[in-house]
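Take a look at the structure below.
Read-outs: derived from the displayed coordinates by stated rules, not from any lab. Because the structure is a prediction, the values reported are computed rather than measured. Neighbour counts run over all protein chains shown; Cβ positions are idealised from the backbone, glycine included.
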Amino acid sequence: MEQQFSLSSEVRNNCLVITTTGYVNNVGGEAIAKEFARHFEGGTKKVIINLAQSKVVNSIGMSFLIDIVDQLNDAGGKMVFTNLDPAIHKMLSIMGLFQFAGKANTVDDALKELSA
Amino acid sequence: MKDAITLKMSLPKIPNIELVAIEGLDRLAHHLGIMEDKIGEAKVLVTEAIINALEHSGESDPAVRVEFSMTKQELIILVRDFGKGFEPSSIEVPNIHDKLGSKDKRGWGLKLMKTMSDDFRIESNKQGTKITIKKLLH
């Protein structure tokens, strides 16, 4: 069964990289939002969401990520998703998120995109 | 459906209970040799249908009934709650342009289920709501 949600984060090349494990539901989404807020207040405006270890998400969890995209857009920042499961990629496409957020195969690819 | 394997369950309203249904779906699908991309999309449909039902389920009978019927060709998902129901046509279709800048970022479930499925039906009245989803698997 999908694992309990957890996350880890690091700052690389001035980008916040949040890596999740497990089900991204309302609790997971809120945890990501709190981690983002902590760094955003310190001036970080580039964010990578690495979903390599999250194979199940729901739309409530994703609504928290839309809120982060909203804040980054207002601040001239950017979010990039990486390591997306094909079904999650399709879900985010239907929601229209890729009009306002990027996507990359790996964290390293995302870092290159954000530093370009 | 002829030769379909079925799984029925009644899910209590407790956190992350939808993962139990996802696990059951996963086992049925692997038993039938369904492609991973189709399983992934079916998981999204099941997750959205159940969290929607749990949100609208009533106080008197908060459980949600779920049934899968699966063949190698297709999956039928039935999700029923016994809440007070709602008028599906009154639900605004979400748009990312409108959601950005709005306080309410939620409300994507019906759009996702309609778009990712091959047939989507919703029946709702004062006795509850029944969602029927068909997903082709080949």
| request: Between residue B:136 and residue B:27, with labels modelled 7 Å along Cα→Cβ, what's the label distance in nm to one decimal, could you check? | output: 3.0
| request: Work through the residues other than residue B:123 whose Cβ is under 10 Å from its Cβ and net out their charges, Lys, Arg +1 and Asp, Glu -1. | output: +3
| Residues in segment A:1-38 reached by a label modelled at residue A:115 [backbone nitrogen below 20 Å; 7 Å Cα→Cβ] | A:9-19
| field | Convex hull volume per residue in cubic angstrom - Cα atoms of the protein assembly as shown | value | 124
| Pairwise label distance in nanometres, residue B:37 with residue A:41, each label 7 Å out on the Cα-Cβ vector | 4.4
| note | Going from the fewest other Cβ atoms within 10 Å to the most, one would list B:44, A:107 as A:107, B:44
| task | For segment B:92-105, take each phi angle, set θ = phi - 60°, evaluate the Karplus expression 6.51 cos²θ - 1.76 cosθ + 1.60, and give the result in whole Hz per residue in order, putting x for glycine and proline. | result | 5, 6, x, 9, 4, 5, 6, 5, 5, x, 9, 6, 8, 9
| remark: P(r) over all Cα-Cα pairs of chain B, 5 Å bins from 0 to the longest distance, whole percent per bin, short to long, reads 2, 10, 20, 22, 19, 14, 9, 3, 1, 0
| request: Pull up the DSSP beta bridges for the protein assembly as shown and report the antiparallel fraction as a percent, rounded to 5. | output: 70
| note | To the nearest 10 degrees, the tilt of helix B:18-31 (Cα long axis) against the first principal axis of the alpha carbons of chain B is 30
| note | Given unit charges at Cβ for Lys, Arg (+) and Asp, Glu (-), the dipole magnitude of chain B about its Cα centre in debye, nearest 20, is 120
| request: Give me B:55, B:48, A:35 ranked fewest to most by other Cβ atoms within 10 Å of their Cβ, as a rough exposure proxy. | output: B:55, A:35, B:48
| remark: Everything considered on the Cα gyration tensor (a ≥ b ≥ c; rounded for a/c under 1.5, else prolate if a/b is larger than b/c, else oblate), segment A:7-116 must be described as rounded
| query | How fast does segment A:1-55 diffuse by Stokes-Einstein, in µm²/s, taking the Kirkwood radius from C-alpha pairs at 4 °C and 1.567 mPa s? | reply | 114
| field | Largest-first principal axis extents of the Cα set of segment B:91-138 (Å) | value | 36, 36, 11
| message | From zero outward in steps of 10 Å, how is the percent of C-alpha pairs of segment B:46-105 spread across the bins? | response | 19, 35, 31, 15, 1
| remark: About its Cα centre, chain A carries a charge dipole, from +1 on Lys and Arg Cβ atoms and -1 on Asp and Glu Cβ atoms, whose size in debye to the nearest 20 is 160
| said: To test your reading of the geometry: what angle, between 0 and 90 degrees and rounded to tens, separates the Cα axis of helix B:36-56 from the longest principal axis of chain B? | reply: 40
| task | Would you kindly give the portion of the calculated P(r) for segment B:1-54 that falls above 12 Å, as a percent of all Cα pairs? | result | 66
